[in-house]
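Each value in this text was obtained by applying a stated rule to the coordinates, not by laboratory testing. If you're wondering where the values come from, they're calculated on a predicted model, not measured in any experiment. For neighbour counting, all protein chains shown are included, and Cβ atoms are generated from backbone atoms with ideal geometry for every residue, glycine included.
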Amino acid sequence: MNIAVLSGKGGTGKTTVSTNLALVLKANYIDCDVEEPNGFIFLKPSDINKKEVEVENPFIDYAKCTHCGDCSNVCQFNALARVKECIILFEKLCHSCGVCKIVCKHGAIEYEKRTIGVIEDGNSNDIQCKRGVLNVGEPMAVPIIKELLKNLNSGTNILDCSPGTSCNVVNTLQNVDLAVLVTEPSEFGLHDLKMAVELVRKFTIPMGIVINKNTSDENIITKYCREENIPLLGYLPYRRDIAKQYSTGAMLIENKEYRSFFKNIAKNVKEASLWN
Amino acid sequence: MKIAISATGKDIDSLLDMRFGRCDFFQIHDSESEEFKVVENKGQSSGGGSGIAASQQLIDENVNVIITGNLGPNAFKIIEKADIKSYKCGNISIKNALEKFKNDELEEIIIAGLAHNAMGH
Amino acid sequence: MELVVLSGKGGTGKTTVAVALSELAKDAVRVDCDVDAPNFYLFYEGEDLKQEDFYGGKKAVIDKTLCTQCGVCEKYCNFDAIKDNEINVYKCEGCGACVYICTEKAVKLLDEKSADVFITKTSKGILSRAKMEIGSEGSGKLISVLRKNSREFNKKDRETKDNNSSLLEHFKGIFKKQTQLTVIDGSPGIGCSVISSVTGCDLALIVTEPTKAGMEDFMRVMSLCQHFEVPTLVCINKYDINEEIAKEIENFCTEEGFKVVGKIPYDDIVMVSINQLKPITDYKDSAAKKAIENMWNNIKSIIY
C-alpha cells in the first residue's frame, strides 16, 4: 500500500508528518522530494547503499552523420544544435525521448548514459528508508522520482512528496492508494490546500487532511473539510518547542505527548485505508 | 558583413534588448548595403533552451556578428563554434549600437571554461 | 534592478519577506514566479488588467479516424504515456516520438494551455502572476513571460503617470526608473522553475531558517546561485528558534564570503499578518518588521 504525503504549500510539515508516521506505522519511508530531501536528517538511517541514477543522452557517430540537421530540427527541447559539421548536445535540456534517433536517416545516433543524481537506501528502527537526491544544476527531477518508485517493497510505503502540484508531484502520485494532505490553518495554507485537493481528485485517489501548527478546534481548514466532505485525519498543535525540536533534527515521537498525536493520525490513516 | 542585434522593436531607433534568448526581435543589418531586416526571435516561444533556438536561427541567417546584452553559456558555445563574433552592448538605440560597433567601442563577449557548464534555460 | 527571493526549503518565509521588501522599496514591481503555489497576490487586491492563456508545451493527440491501433507508438513512448491507443496527458512530455513513428500520420502535437497569466493593477503597483493548470509545470518560458509582462506594464503605468504629472514629478520619475526595484517571489527547490527565476536576475536573496533541514536546503540553493553566477545575499528568518544553528549558518556564510543582510526574530505577529492578508510592514509593533527594515537598509547600501 502506497500513501503519499503532499501539501501544495511548502513548509507545512510534510516531512514531519511522513517521518514520524512511518515509524508509528512501521511503514517504509520514501523521500520523493529529490530537489531538497530532508527526511534522512530525522530518521538518520544507517547501512546506506547508493546507486547512481542515469539518463540517456544521444551521441553522434560522425562516420555516419551527414550533418543534415534533422535531429536538431525535431528536438522539441532545443537540446541539439547544428553548427557547420557538428551536432552539439545540451545534455541538461535533453528529455531522453528518443526522437532524434527515430528521425535520423543515417543511423548516426546512439545513446550513452549520464548521471543526474543518486538513490540512497538504508535502514532506521527496522524500517526501510529510501531517498533520491538530484545533482545541483540539473533541472529535471522526474527521472529520479521514477527510479525511486520502481521496485517499492510490498507492505506500506510512505511517499514524502515535493511541495507544489507540478510534475514532480504528479509523477509521485502515479501508484498511490491514499493521499494525506498536510496543511496549516492560515489563508496561505487553505489557498494551496485547494490546489492539492484538485490534483488528488484528478487522480481519483482517496484523501484525508492533517492540520499542522493547529491553534483551535474550529478554523478555516476544519470548515473546508466539512464543506468538501474530506476526512480530518488528525492534527499537530502549534507549539514553539515543536519548532525547536524540528530545528535540531529530532523525531517528534521521542516526546510522549507528541507521539500520541501521531498515534491518532496513524489510527485514522489505517481506518481510511480500510474503507478503500 | 551581416550584424544581428537583439532588439525591442523593428526600427533603427528602437532600443537594444539586453536579453539574447528571450528578446523580441533580431535586426539583421548588412554593413555594406546598410539595409536591414527584422525577424522574430524563435527563442521566445521555446519552453526552454531559448538561447540555443535563437543561436540556431541566426546561424541559419548566416550572420557574422552578434550584438546583445550578454550571452548565456549555451548560446555562447554555439556562436563560438560557428565562428560568429559577439559583442556586449548597453540599452541604447540600435543606431547608436551600430555606430559603437563601427568605431570599435564594444567589448567582445568571451566566456571561459565552458565545457561542463551549459545551463538548463 | 531585479531581485529574486528564494528559499530552497518551503515555509521559511520567502513570500512574507518578498511582500515586505516590495512595500519598503516603494513603487516596486512585483512578480510572482512561485507559479505552483502563488501567494503574493493574496496580499494585493486589484484589478486584472490583462489575462491571457499561456501555452507552455505540447501534448500528443491521436486521431482515432486514422489510427489502426497497431500499438507501435506505445512501444516507442519513453514516458509510458500511451496505453491502448490512449494518451495520458499527465505523462506525455510532448516529444513527438509517436508523431514520427506513426505510419498512418494519425498523431499530432498540439500546443497545450498550461497556465493563465495575469497582470494585476493594485493600489501599490503592478503585479505579474500566473495560475498553473493542475499538474502542469512552470518553465523558463513562463517565468520570462511573467518578467516581460511586468516590465511592459510597468512602463505603461509610469507613462500614464508621467503624462499626468508636473515637470518636477517627471524628473523624479526618471530617477525612479533607474532605481526601481522588481521583486520576484521565487519557488522552493532547485529545479527548472527556480533556475528560470534566477538566471538573468541582478541579485538573489535566500531566506533560510535555523533548522538542520533548512540549512541543508540553503546550501543546495546557494550552490545553485553560485553555479549561475548570481550575486547572492542571505537572510536568516526566525533565527531565535535555534540560535546555535543560526550561528552555524552565519559562520558558513562568512567562510564562503556571503553576506547575511538580515536576521529576523520569530514573531507571532507574522501569522496574524498572513491571516489578515496584510504585509508585515503594516504592523508597527512587529519585531519582524523592524528587522526587515534593517535588512532593507543593508540591501539598499549594497545595490544603490
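A compact table of results
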quantity: Rounded FRET efficiency, nearest 0.05, which uses the C-beta distance separating A:D61 from C:I303 and R0 of 51 Å; calculated: 0.50
quantity: Theoretical FRET efficiency, 1/(1+(r/R0)^6), r = Cβ-Cβ of A:E110 and B:K88, R0 35 Å, to 0.05; calculated: 0.35
quantity: Equivalent-ellipsoid semi-axes of the range A:35-137, from the Cα gyration tensor, Å, largest first; calculated: 40, 12, 9
quantity: Label-point separation in nm, A:E187 to C:L277, each point 7 Å along Cα→Cβ; calculated: 0.5 nm
quantity: Cβ neighbours within 10 Å from other chains - mean over A:93-103; calculated: 6
quantity: Volume per residue of the C-alpha convex hull in the range C:175-303, rounded to whole Å³; calculated: 128 Å³
quantity: Sum of -39500 (n - 2.57) over DSSP H runs of 4+, divided by residues of chain A (222 nm, nearest 500); calculated: -10000 deg cm²/dmol
quantity: Length released on extending from A:E54 to A:E228, taking residue separation times 0.36 nm less the Cα-Cα span; calculated: 58.4 nm
quantity: Base-10 log of normalised Debye intensity for the range A:84-212 (one unit scatterer per alpha-carbon) at q = 0.17 Å⁻¹; calculated: -1.05
quantity: q = 0.06, 0.10, 0.13, 0.14 Å⁻¹, chain C: log10 I(q)/I(0) [Debye, one scatterer per Cα]; calculated: -0.26, -0.63, -0.93, -1.02
quantity: For C:D27, residues with placed amide H under 5 Å, excluding near neighbours; calculated: none
quantity: DSSP bridge pairs, the protein assembly as shown: antiparallel proportion in percent, nearest 5; calculated: 55 percent
quantity: Evaluated at q = 0.08 Å⁻¹: base-10 log I(q)/I(0), Debye formula over Cα of chain A; calculated: -0.40
quantity: Sequence-distant residues sharing a close amide H with A:Y111 (under 5 Å, placed H); calculated: A:F59
quantity: Burial ranking of peptide ranges C:73-81, C:94-102 (average Cβ count within 10 Å, highest at the top); calculated: C:94-102, C:73-81
quantity: Percentage, to the nearest whole number, of Cα pairs in chain B over 19 Å apart; calculated: 40 percent
quantity: Average partner coverage of A:129-141, which counts Cβ from other chains inside 10 Å; calculated: 4
quantity: Kirkwood hydrodynamic radius (C-alpha pairs) into Stokes-Einstein, the range C:55-113, 20 °C and 1.002 mPa s, D in µm²/s; calculated: 192 µm²/s
quantity: Whole-Å distance, taken between Cα centres, linking the range A:86-118 and the range A:26-60; calculated: 25 Å
quantity: Whole-angstrom gap from the range A:200-233 to the range C:103-122, using each part's C-alpha centre; calculated: 32 Å
quantity: Folded to 0 to 90 degrees: helix C:243-256 orientation relative to chain C principal axis, Cα; calculated: 80 degrees
quantity: Chain C: Cys lacking any partner C-beta under 4.7 angstrom; calculated: C:C33, C:C67, C:C70, C:C77, C:C92, C:C102, C:C192, C:C201, C:C225, C:C235, C:C253
quantity: Partner chain coverage, peptide C:76-83 - average Cβ within 10 angstrom; calculated: 3
quantity: Chain C, helix-only ellipticity at 222 nm - DSSP H runs n ≥ 4, -39,500 (n - 2.57), divided by all residues, nearest 500; calculated: -12500 deg cm²/dmol
quantity: Long-range Cα-Cα pairs in the range A:99-160 (distance over 13 Å), rounded percent; calculated: 72 percent
quantity: Crossing angle, helix A:256-275 versus chain A [Cα axis fit, 0-90 degrees, rounded to tens]; calculated: 70 degrees
quantity: Rg/Rg_ref, the range C:49-171, where Rg_ref = 2.2 N^0.38 Å and atoms are Cα; calculated: 1.58
quantity: Percentage, to the nearest whole number, of Cα pairs in the protein assembly as shown over 52 Å apart; calculated: 11 percent
quantity: Distant-in-sequence amide H partners of A:N212 (H built 1.01 Å from N, under 5 Å); calculated: A:T183, A:E184, A:L236
quantity: Folded to 0 to 90 degrees: helix A:187-202 orientation relative to chain A principal axis, Cα; calculated: 60 degrees
quantity: Antiparallel bridges, percent of DSSP beta bridges restricted to the range B:2-108 (to nearest 5); calculated: 70 percent
